[in-house]
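Engineer: Following this message is one structure expressed as structure tokens.
The values are calculated or read from the model by the stated rules, or taken from the named source; none is laboratory data. As the structure is a prediction and not an experimental result, all values here were calculated from the model. No Cβ is skipped: glycine too gets one built from the backbone with ideal geometry, and neighbour counts run over all protein chains shown. The protein model used for the area step is the full one, side chains on, heavy atoms only, and it has no ligands, DNA or RNA in it. Shrake-Rupley method; radii C 1.70, N 1.55, O 1.52, S 1.80 Å.
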Amino acid sequence: MSKLKINRKTAIRSIGTAALAFGTFATAATPVLAQGANAPLNIPANPVMFGKNDPNVRRATAIVNGEIVTGTDVEQRLALIVSANGNKVSGEELERLRMQVLRNLIDETLQIQEAKASDVPADDAQVDATYDRVATQNFGQSPEAMEKYLARVGSSSASLKRQIRGELSWQNLLRRNVQPFVNVSEGEVTEMMQRLQASKGTEEYRIGEIFLAATDQNKPQVFANAEKIVEQLKGGGSFVAYARQYSEASTAAVGGDLGWIRLAQLPAELGAAATGMAPGQLAGPVEIRGGFSILYLIDKRQVLTADPRDALLSLKQISIEFPKGTNNDVAGKKAAEFAAMVKTIKGCGDADGAASKIGATVVANDQIKARDLPGALQETLLNLPVGQTTPPFGSIDEGVRVLMLCGRDDPQVSSGPSFDELMSQIEDDRVNKRAQTYLRDLRRDAVIEYN
């Protein structure tokens, strides 16, 4: 799904469009506490329904405090999610997404309404400026090209701008009604910095999580849905998009990103599942107290230790291409000649002249971070002496190439976050928790009619 590209601090505060509930799992088994009052509800363990709720008759529209959320709103927002997942969404998954989008739009409407009532709405100029920035930064397009793209996938600029308005409105509200009342003492920050220094050299992980709440009664159904999500993710689905739509954790708004943590900070079941994971791997569904979690290892590093993958590399790519229709024998012979030529190159200064003799092309780039390269190439290049090349790689369709290492600037040892940065992180976490309560109260007090 297309999302605003905003920094982590802003994103944490913008929890409004997060998916906070799996509506299809509303099976009550134990007394449920009313929000605020903490009074037990009188709900039987095995309720008998009067009448029949036919989901094929009910349309996905609602009136929120008198403001209409139309079927068009739902379908256009849904189209963005489907497009972000390469249009690989099954019919059953599409229905779940549709209901989740409706819930998101209801929350979004409540946030926009509350911002207006509090005299801190997101004005049109603010929305338009953010839309233009999203088009450029996230899609590499002009606003006009972006508009054509959205129309082509079945969405619209109005739909994306409404989402932007909801997120900006929520940020405005939190800055006015929540953030001023969150306090972090210098002592807390100092203590955390000391703990950070004491853990220097230990491994920490950047993990994404999708959490689905479950009870004893609906556990099999939730587990089955979690497995379907894992299947979609392994098929190329966007983890960030699924986390924002389905996760019931507070990190849903930032795509499930837990940030940099040590495994000891996780529940024991999740810590065990994450041990031994490599970046890019999935784990789960893992059963924990209250439900199931799906984990995605974004990255890992050592605390306050320079990461070799942050080294800045100067590279030359030497490549040859095969004419269309080249058979394996001819391609193999030409690739062998290419590999033999590469072995004769005496450093980067000799690359262009040697390559021209067999019609190879050379492209230079001296601003590449090792971590931005595919995993297999990272390890090879970081262990390569300057002036040497990787083994040839490629295919008949893509051609054969090597990378020659011309230079390497090693990263400096990180001193960790500054005092102010750490204080900001703690503040963000507390704002996030209060924001959840704020949104929950808005839902509780809303008058919502479904059509």
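Engineer: How do Arg434, Arg371 stack up against each other in accessible area, from largest to smallest, with a 1.4 angstrom probe?
Structural biologist: Largest accessible area first, the list is Arg434, Arg371.
Engineer: Further question on the same structure: Gain in length, Ala268 to Ala354, computed as 0.36 nm per residue apart minus the alpha-carbon separation, to one decimal in nm?
Structural biologist: The span from Ala268 to Ala354 would gain 25.3 nm if fully extended.
Engineer: OK, next. Of Glu287, Glu144, Glu188, which has the most accessible area and how do the rest follow, probe 1.4 Å?
Structural biologist: Glu144, Glu287, Glu188
Engineer: Give the shape of region 379-451 as rounded, prolate or oblate, defined through the alpha-carbon gyration tensor: a ≥ b ≥ c are the square roots of its eigenvalues, a/c under 1.5 means rounded, and otherwise the shape is prolate if a/b is larger than b/c and oblate if not.
Structural biologist: oblate
Engineer: Can you tally the net charge around Glu147? Count Lys and Arg as +1, Asp and Glu as -1, for every other residue whose Cβ sits under 13 Å from the Cβ of Glu147.
Structural biologist: Taking every other residue near Glu147 into account, the sum is 0.
Engineer: In whole Å, how far is the Cα centre of region 85-126 from that of region 136-155?
Structural biologist: First find each Cα centre; the distance between them is then 19 Å.
Engineer: Expected output is a single nm value to one decimal: the length gained when fully extending between Arg289 and Asp429, i.e. 0.36 nm times separation in residues minus the C-alpha distance. What is it?
Structural biologist: In short, 48.2 nm is gained.
Engineer: Also, I was wondering about something else. Classify region 167-209: rounded, prolate or oblate, from the alpha-carbon gyration tensor (a ≥ b ≥ c, eigenvalue square roots; a/c under 1.5 rounded; otherwise prolate if a/b is larger than b/c)?
Structural biologist: Taking the square roots of the gyration eigenvalues as a ≥ b ≥ c, region 167-209 is oblate.
Engineer: Sticking with this structure for a sec: Could you name the lysines whose alpha carbon sits less than 21 Å from that of Lys148, not counting residues in the same chain fewer than 8 places away?
Structural biologist: Lys3, Lys5, Lys161
Engineer: Taking 0.36 nm per intervening residue step and subtracting the Cα-Cα distance, what contour gain separates Val362 from Leu377 on full extension?
Structural biologist: That pair, Val362 and Leu377, stretches by 3.6 nm at full extension.
Engineer: Moving on. Please list, ordered by chain and number, the residues whose modelled amide H lies under 5 Å from the amide H of Gly399; skip anything fewer than 5 residues away on the same chain.
Structural biologist: Amide H to amide H, under 5 Å and 5 or more residues apart or across chains, Gly399 pairs with Phe322.
Engineer: Residues of region 143-209: accessible area per residue at 1.4 Å, in Å²?
Structural biologist: Accessible area per residue, region 143-209: 50 Å².
Engineer: Set the Förster distance to 51 Å, then compute FRET efficiency between Gln221 and Tyr149 from the Cβ-Cβ distance, nearest 0.05.
Structural biologist: Efficiency, from the Cβ-Cβ distance: 0.90.
Engineer: Suppose R0 equals 45 Å; then what is the FRET efficiency for Ala339 and Gln194 from their Cβ-Cβ distance, rounded to the nearest 0.05?
Structural biologist: Efficiency, rounded to the nearest 0.05: 0.25.
Engineer: Short version: ³J(HN,Hα) in whole Hz for each residue of region 231-241, in order, from phi by Karplus 6.51 cos²θ - 1.76 cosθ + 1.60 (θ = phi - 60°), x for Gly and Pro, what are they?
Structural biologist: My calculation for region 231-241 gives 4, 5, 5, 5, x, x, x, 7, 4, 4, 5 Hz in order.
Engineer: Between region 349-424 and region 227-264, what is the C-alpha centre distance in whole Å?
Structural biologist: Using only Cα atoms, the two centres lie 30 Å from each other.
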